[in-house]
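Contents: one structure, followed by commentary.
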Amino acid sequence: MKNYVKNILLIIVVAFNLRLGISSVPPVMNELKETLHISNFQASLLPSIPVFCMGLFAFFIGRFQQQFGRRKSIFFLLILMGLATLSRGLMPSYVILVFSAFLIGLSVAIIGPMLSGFIKEEFPNQAGLLIGIYSLAMGLGSVFASSSSSKLAGVFDSWLPALAIWGVIALVAAILWLLFSPQEKAVTVQSSHLPLKERQAWKMVIFFAIQSGMFYSLLTWITEFYRHDPELASRSVVLLTTFTVIQTTCSFLIPTFMDRIGQPIYWIYACSGAMLLGTICFSMSHLVPAVLAMCLFAFGTGGFFPIAMLLPLVHTKTPKEASLWTGMTQAFGYMIGGQIPVLIGSLIDASGDFQILIYMVVLFSGVLAFLGWQMLKPGDA
């Protein structure tokens, strides 16, 4: 029982760090642009680079596992993440911010799947519950960072410590992991081929990429969207926090309900419908519709992510096959999805119109509903 609780706490401590370096940036995006004199495109790279790296470096998980083992890898990568995040407080430099974003993405790319492996090893009969706890801890970290970084910037009268302070939490997590994590069991890593020739696998890649890109685009641009609205400019960070809190809750609750109520395709339709209704509220310059928009967007994105994780399991027959399909889906999906906030930033720069964000949600919600129908219609599921 003691080891059971200890290992759950370790999962929470490590997972809590996996979104801090990404979610702490959007609330101070305006200050970054003013201080560093950068464009919306350049600013959008800061939360997008880690997402791209989460896909790119996912291909190297097996090599890390073989070379260093899970226990040492997670320890050293938490140290790397902490130092990279702390470097953001050295000076107001765009180069430092980009390089630290790259290192944070590398760290998350390896730590995340390895933490899932830890769950499978230590909790073989409760993997679903522990994956839920893992997701919840990660989401709480995202909420904490997005709701606090703007306040910290005000307290310190600078965005530098507001971005750097999260590195301390990663270093503490590294020490706790080293002290209390159990020795791992010997694992033989076998080379396997990704399902690159499977059409359904590529549909899942597109689904995962679009839902990921839509979530990170909203996370990146919600505050900037509302800061250009005189009625809601002072509430922009509160609205972002509302979105992240409810999104975290939905990503934990929706898969739980999905096991008991309805089929995944109907949940995809429900999430797409929520996103489309959210765009109507999003376009209204009043607080109540704005809060409702955040709730609807949170429901939609909070449902799309676990559904995207479920799709490879629906279309595969063995655990090994499911692992390969999931790996391909996330690797390519994150790389493609990470470019979407950058694309949105470029379009905003070119047009000067933040309504681009609304058009993106409408288009992507329709595409996700169509892809869901293609993958889960009778005869294909």
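A few points about this structure:
- Global geometry of the range 150-233, whether rounded, prolate or oblate, following the gyration tensor of its Cα atoms and the 1.5 cut on a/c: oblate
- Most mobile of Pro306, Pro230, Pro264 in a GNM of the chain (Cα contacts under 10 Å): Pro230
- Protein accessible area in the chain, 1.4 Å probe - carbon and sulfur %: 68 percent
- Result for the chain in a Gaussian network model with C-alpha springs under 10 Å: among Ile280, Ile307, Ile340, the largest mean-square fluctuation is at Ile280.
- The calculated FRET efficiency for Leu363 paired with Glu231, based on their beta-carbon distance and R0 = 22 Å, is about 0.25.
- Under-19-angstrom lysine pairs by C-alpha in the chain, whenever the two are 8 or more apart or on separate chains: 16
- Projected area averaged over orientations for the range 1-137, convex hull of C-alpha atoms, nm²: 8.9 nm²
- Share of Cα-Cα pairs in the chain lying beyond 34 Å, as whole percent: 24 percent
- Here the extension length gained between Leu179 and Phe68 equals 38.2 nm, from 0.36 nm per residue of separation less the Cα-Cα distance.
- Length gained on full extension, Leu194 to Leu276, computed as 0.36 nm times the residue gap minus the Cα-Cα distance: 26.1 nm.
- Relative contact order of the range 234-307: 48 percent, from C-alpha pairs under 8 Å at least 6 residues apart in sequence.
- Along the chain, longest interval not containing exposed GluC sites (Glu not before Pro), exposed being DSSP loop plus at most 15 other Cβ atoms within 10 Å: 1-197
- Other residues whose C-beta falls under 14 angstrom from the C-beta of Phe64 contribute a net charge of +3, scoring Lys and Arg +1 and Asp and Glu -1.
- Short-range pairs are left out: with C-alpha atoms under 8 Å and at least six residues apart, the relative contact order of the chain is 26 percent.
- Each Cα pair under 8 Å and six or more residues apart adds its sequence gap; the mean of these over the residue count of the range 178-268 is a relative contact order of 13 percent.
- Each Lys or Arg adds one and each Asp or Glu subtracts one; over the other residues with Cβ under 14 Å from the Cβ of Leu32, this totals 0.
- Placing a pseudo-label 7 Å from each Cα along the Cα-to-Cβ vector at Val155 and Leu310 gives an inter-label distance of 4.0 nm.
- A Gaussian network model of the chain, with springs between Cα atoms under 10 Å, assigns the largest mean-square fluctuation among Gly366, Gly55, Gly21 to Gly366.
- D_trans [Stokes-Einstein, Kirkwood Rh over alpha-carbon pairs] for the range 92-185, 37 °C, 0.692 mPa s, µm² s⁻¹: 212 µm²/s
- Longest site-free stretch - the chain; sites: trypsin sites (Lys or Arg not before Pro), DSSP loop, at most 10 other Cβ within 10 Å: 1-184
- Per residue, in Å², the accessible surface of the range 244-314 once ligands and nucleic acids are set aside, probe 1.4 Å: 43 Å²
- Net charge in the neighbourhood of Trp166 (other residues with Cβ under 15 Å of its Cβ; Lys, Arg +1, Asp, Glu -1) is +3.
- P(r) of the range 209-292 over all Cα-Cα pairs, binned every 5 Å from zero, in whole percent: 3, 13, 20, 25, 18, 11, 6, 3, 1
The values are calculated or read from the model by the stated rules, or taken from the named source; none is laboratory data. A quick note: this is a predicted structure, and the numbers were derived from the prediction, not measured. Positions of Cβ are backbone-derived with ideal geometry, glycine not excepted, and every protein chain shown enters the neighbour counts. Just the protein is used for accessible areas: all its heavy atoms, side chains included, with ligands, DNA and RNA removed. Shrake-Rupley method; radii C 1.70, N 1.55, O 1.52, S 1.80 Å.
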